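These notes concern the structure reproduced below.
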Amino acid sequence: MHDFRVRDGQLHCEAVPVLEAAERFGTPLYLYSHHTLIDHFRKLRAAFAPVTPLICFAMKANSNLAICRALIREGAGADIVSVGELRKALLVGAPPSRIVYASVGKTAAEITAAVRAGIFCFNVESAPELEQIDLACRRLKTRQRVSLRLNPNVDPHTHTFISTGRGTDKFGLDEATVLRLFADSARYAGVDLAGVHIHIGSQITAPGPFLAALHKALTVIRRANRRGARIRWLNLGGGLGIVYHREKPQTAAAFAKVVLPLLKGRGLRLILEPGRFIVGNSGILVTRVVYIKDTGAKRFAIVDAGMNDLLRPTLYGAYHDIVPVAPKPGQTAKTQRYDVVGPICESGDRFAADRPLPPLAPGDLLAVMGAGAYGFAMASNYNARPRAAEALVMGRRIHLVRRRETFQDLVRGERIPAALR
């Protein structure tokens, strides 16, 4: 559920009309609901309350400082994949003891920075990475907790670009390598091999793939412990799906109901790394119709947002509901079918194809729903377009949490060499 509702004929974010936000901050605009964000986190925490999990928000989904700060204040940790995210997590007050670091390509410098920061755990993706962490810890005369990321070779039945737990994916370690590394733990004096991590993909709507991966992880943990390992943590990653259109994903409570019985009596502490589940439906992208173009074969609603603002439809063929922000009073005309497209010079710059919508005109505002996760986080300056503003609604108040970029932002850091002057 989310807090974007039509009231008095207008779409509202909590108690604020979306039209008011667009008039105040312009378009394209990312607009977030604080209540939705926190409510989703609380539901997950309540569902797993019997085991008091460490819930680390996956910052790759949305790393806006205000979003992250709101979750840290609620007791969340941070799941990071870069030093940039590490620095942002620390900036918003995330205790290092609640930070876990994933990513398949951590450099020596990144590892050193994270060890110095005192993070809780690395999710190790390869044997060379484990060696690099061990080397850094020996050099710094410290010891670091790590989890080995198991690739369980499970198909999550989601888009191939966001599947991460199949044997052919770049993520994680095969079972034999995981068992070997645990057996050879004495070689790595700088690390504490404390856990197993799995993460099989994103936008997973059925429990089957999760359970298959969990059973595989528990089997590996049992085998490793029999050979002398002391595994104390199990990281289930993230990947819980949300409703974009007609999906029927499992709720946090339903997910916990099938997971918790499998953990009973095993002495394992639990880590979760939700991203999309918490923030996906907490945000929308507000965009304005610039032109209506009818070619005879197609009717296009050309809007001021583009694939540089929201890449998911172009990259994944992802579906997002699109709704009018302020439907015209008394409008009774039948819907018309539009391709909702942006201004980018790419044919793939399309938010929707043949989408039934009320008759549109230039100046009308549309809301692209479910844009809180992997929306602004994947935005770019393609076609030399400034990135959109972001705003956060808290009840009746609206806060600008990122200003719209300017031309000066676009050229900052660029230089014309003297030879070309």
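Throughout, read-outs are computed from the coordinates displayed, never taken from laboratory work. What you see is a predicted model; the values in this text were computed from it and never measured. Counting neighbours? That spans all protein chains shown, and the Cβs are built from the backbone with ideal geometry, glycine included.
Structural descriptor for the stretch 103-272: relative contact order 21 percent, calculated from alpha carbon pairs under 8 angstrom and at least 6 residues apart.
Summarising the label geometry, the points placed 7 Å from Cα in the beta-carbon direction at residue 346 and residue 316 lie 1.6 nm from one another. Rounded to the nearest 20, the size of the Cβ-charge dipole of the chain about its Cα centre is 1220 debye, with Lys and Arg at +1 and Asp and Glu at -1.
Efficiency by 1/(1 + (r/R0)^6): what FRET value for residue 337 and residue 260, r their Cβ-Cβ distance, R0 = 56 Å, to the nearest 0.05?
On the way: r = 46 Å, r/R0 = 0.82.
After rounding to 0.05, the efficiency reads 0.75.
How would you order 129-136, 246-253, 350-357 from highest to lowest mean count of nearby Cβ atoms within 10 Å? Walk me through the numbers before you get to the answer.
Values: 129-136: 20.0, 246-253: 13.4, 350-357: 17.5.
Result, highest mean Cβ count within 10 Å first: 129-136, 350-357, 246-253.
Along the stretch 25-42 the Karplus relation, 6.51 cos²θ - 1.76 cosθ + 1.60 evaluated at θ = phi - 60°, assigns HN-Hα couplings of 10, x, 10, x, 9, 8, 10, 10, 9, 4, 4, 4, 4, 5, 4, 5, 4, 5 Hz to successive residues, with x for each Gly and Pro.
Using Cα pairs closer than 8 Å and at least 6 residues apart in sequence, work out the relative contact order for the chain, in percent.
Values: 912 pairs, mean separation 82.0, N = 421.
For the chain, the relative contact order is 19 percent.
In the stretch 103-272, if the dipole is taken from +1 on Lys/Arg beta carbons and -1 on Asp/Glu beta carbons about the Cα centre, which of 220, 240, 268 is farthest to the positive end? Of the options given, the answer is 268. Mean residue ellipticity at 222 nm, helices only, the chain: -8500 deg cm²/dmol; runs of at least 4 DSSP H residues each add -39,500 (n - 2.57), and the sum is divided by the number of residues.
The residue list 186, 375, 197 was ranked by how far each Cα lies along the charge dipole of the chain toward its positive end, using unit charges on Cβ atoms, and 186 comes out on top.
Is there a quick way to get the dipole size of the stretch 103-272? I mean about its Cα centre, with the Cβ of Lys and Arg at +1 and of Asp and Glu at -1; what is the value in debye to the nearest 20? Write down the numbers at each step before the final one.
On the way: 25 positive and 12 negative charges, 144 e Å.
The dipole of the stretch 103-272 has a size of about 700 debye.
Since only 65, 81, 99 are under comparison, the one whose Cα sits farthest along the positive direction of the charge dipole of the stretch 56-127, derived from C-beta charges on Lys, Arg, Asp and Glu, is 65.
Taking the Cα centre of the stretch 45-149 as reference, the dipole from Cβ charges on Lys and Arg (+1) and Asp and Glu (-1) amounts to some 340 debye.
Close amide-amide hydrogen proximity is noted between residue 151 and 173, 174, each under 5 Å apart and 5 or more residues distant or on a separate chain (H modeled in the peptide plane; Pro and chain starts excluded).
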